[in-house]
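Let me begin by presenting the structure, written as structure tokens, before commenting on it.
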Amino acid sequence: MHEDFPSALKSKRIKGISMPDWCIKNIARYEKKRLTQVDAILFAEEYYKEHYLDIATKKEDVLNYPFLKEELDVSSKFELTTLVYAGAIHEIRGFKEMLEVARILKQRGHIFQLLIIGQVPEHLWEWSADFLEKNNMVHYVKLTGRMDLETLNQYYEKSDIGLALLHPEPNYLKSLPTKLFEYMSFGLPYVASDFPLWRKLMEDSGSGVPVDVRDVSKVADAIEILLNEQETYVKCMENGREAHVSQFNWQYEAKKLLQAYELLFERI
């Protein structure tokens, strides 16, 4: 189970119309009924199982951490200071806020580039083209489109700061985005939404800066801290790498997955 599907539906729109609660409840009941028929459920987030405590099916948390990356090539950075975001692109994932923050940083005199990696929906493509043109930011923001994992990893390695400015939607508040762990694996200090669960991760690991995404000026302030305070930047980089190597990597999760398979095979 890669996401809390019923909760995710609460933020979906079909032709601009929200899905009614009665429909979401029916889908949740149907999902639960079908899950009683499977041999095991693997949860990509620990909190998912809270919704399925009444199901006797075997359950296991197998968290979606990146592969262990033991070494970094810190000499291969882009010539320009680079902010990066990779993933699905939507208003609720902070697309417009990222561009607004870039505008503020440009106004404050920073020389940088913002890379937004992913497929931009048509309506946001038109909006962003107009925004970048009006604010003379065509050379500051690059919308790269989708790319394969190997190329994405090369971009991560060359970048300086990661962004995760998601809105407080139900499906985001209780889950940790994979991209935060990806940033840690590449030693990228990051600025991310100040949700309780996310803030705890950032405080415990010392790898990122929590921000209120509704205040783009404050988001820009947080990025400036990482740009201007070398000691803070290096601490976040080192802490993130240490957390990745010691805890947040696929090596341990893979063992749990294999153990779950072995238990199933014993029943055949």
Legend entry - Cβ-placed point charges (K, R +1; D, E -1), dipole of region 190-250 about Cα centre in debye, nearest 20: 200
Legend entry - Cut-off under 5 Å, modelled amide H: who pairs with Asp61 long-range: Phe43
Legend entry - Candidates per trypsin sites (Lys or Arg not before Pro) in region 130-179, loop by DSSP, up to 12 other Cβ within 10 Å: Arg146
Legend entry - Listed residue (Ala220, Gln251, Tyr261) projecting farthest to the positive dipole end of the chain, Cβ model: Tyr261
Legend entry - Exposure ranking of Trp125, Trp22 by accessible area [1.4 Å probe, largest first]: Trp22, Trp125
Inset, instruction - Give me the accessible area per residue for the chain, probe 1.4 Å, as a whole number in Å². - result: 55
Legend entry - For the chain, calculated [θ]222 nm from helices alone, where every DSSP H run of n ≥ 4 adds -39500 (n - 2.57): -14500 deg cm²/dmol
Inset, instruction - May I ask you to give the percent of accessible area on the chain that is carbon plus sulfur, with a probe radius of 1.4 Å? - result: 52
Legend entry - Net charge dipole size for the chain [Lys, Arg +1 and Asp, Glu -1 on Cβ; Debye, nearest 20]: 920
Inset, instruction - Return the sequence-ordered ³J(HN,Hα) values of region 197-202 in whole Hz as given by the Karplus equation 6.51 cos²θ - 1.76 cosθ + 1.60 applied to θ = phi - 60°, using x for Gly and Pro. - result: 5, 5, 4, 4, 4, 5
Inset, instruction - Step through the residues of region 78-94 one at a time and calculate ³J(HN,Hα) from phi using the Karplus curve (6.51 cos²θ - 1.76 cosθ + 1.60, θ = phi - 60°), rounding each to whole Hz and writing x for Gly and Pro. - result: 4, 5, 8, 4, 10, 9, 9, 9, 9, x, 5, 10, 6, 4, 6, 9, x
Inset, instruction - For the chain, find the longest principal axis of its Cα atoms and tell me its angle to the long axis of helix 122-134, 0 to 90°, nearest 10. - result: 20
Legend entry - Student exercise, region 1-109 dipole from Lys, Arg, Asp, Glu Cβ charges, in Debye to nearest 20: 700
Inset, instruction - Provide the per-residue ³J(HN,Hα) series for region 256-267, in order, calculated from phi with Karplus coefficients 6.51, -1.76, 1.60 and θ = phi - 60°, each as a whole number of Hz, with x at glycine and proline positions. - result: 5, 5, 5, 5, 5, 5, 4, 5, 5, 5, 5, 8
Legend entry - Farthest positive-ward along the chain dipole, Cα basis, beta-carbon charges - from Ala28, Ser76, Val209: Ala28
Legend entry - Ratio of the Cα radius of gyration of region 198-260 to 2.2 N^0.38 Å, where N counts its residues: 1.44
Inset, instruction - For Thr151, tell me the accessible area in Å² from a 1.4 Å probe, rounded to the nearest 10. - result: 40
Inset, instruction - Match the structure shown to one of the listed values (1) 17.9, 52; (2) 20.0, 65; (3) 23.3, 78 of Rg and Dmax of the Cα atoms in Å, computed from it, and give that label. - result: (2)
Inset, instruction - For region 61-169, just the Cα set please: Rg and Dmax, both in angstrom. - result: 14.8, 47
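The values are calculated or read from the model by the stated rules, or taken from the named source; none is laboratory data. Fair warning: this is a prediction, and the values are worked out from it, not measured in the lab. No Cβ is skipped: glycine too gets one built from the backbone with ideal geometry, and neighbour counts run over all protein chains shown. To get the accessible areas, we keep the full protein, side chains included, count just its heavy atoms, and leave off ligands, DNA and RNA. Shrake-Rupley method; radii C 1.70, N 1.55, O 1.52, S 1.80 Å.
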